[in-house]
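The values are calculated or read from the model by the stated rules, or taken from the named source; none is laboratory data. Fair warning: this is a prediction, and the values are worked out from it, not measured in the lab. Glycine gets a Cβ as well: all are built from the backbone with ideal geometry, and neighbour counts include every protein chain shown.
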């Protein structure tokens, strides 16, 4: 069975959030998008983020919504095809209003950077080069 993943994130302003992610080059599945929720398509491999306005998000939970600008409830990490794509998405995010709280991290086999979206959710972007990973090298 092929599984899909839907990460659900609360947002304060649907139009603003959709404009932000559209500026980053992402698309939305109109079949699962309305004024209460929007299905952000991360990849054609069945990876999605449901952006849900806070009042609608509350209908799925019994606990208070975490204020992502004050605490971290989740790190969403997206793989990229290159270091350049990582950097390009960070620039697009910053231009669209995101904050960039950290510098890029270069581990040789992995390069990462990220941003906080308009609602404070942390998005990590990572490029991994498995051939450069020392853990994947055969032991001598």
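This table checks each residue for (1) touching a residue at least 60 places away in the same chain (Cβ under 8 Å); (2) under 18 Å from the mean Cα position of the chain (by Cα); (3) closer than 27 Å to residue 106 by Cα.
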| residue | (1), (2), (3) |
| --- | --- |
| 49 | no, yes, yes |
| 52 | no, yes, no |
| 61 | no, no, no |
| 82 | no, yes, yes |
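Among the criteria (1) assigned to a helix (DSSP H, G or I); (2) within 14 Å of the chain's Cα centre (by Cα), the one residue 56 does not fulfil is (2). Apart from one condition, residue 30 fits all of (1) modelled with pLDDT under 95; (2) exposed (fewer than 10 other Cβ atoms within 10 Å of the Cβ); the exception is (1). Of everything in the range 103-125, what is in a loop (DSSP other than H, G, I, E, B) and touching a strand residue (DSSP E or B) at 6+ places or on another chain (Cβ under 7 Å)? Give them in sequence order. Residues satisfying the conditions are 104, 109, 117, 119, 121. Scanning the range 97-132 for residues that are in contact with a helix residue (DSSP H, G or I) (Cβ under 8 Å, 6 or more places away or on another chain), surrounded by fewer than 17 Cβ atoms within 10 Å (Cβ to Cβ) and under 23 Å from residue 18 (Cβ atoms) gives 97, 100. Among the residues making up the range 63-80, those that are loosely packed, with under 11 Cβ neighbours inside 10 Å and without any contact (Cβ under 8 Å) to a residue 24 or more places away in the chain are 63, 64, 71.
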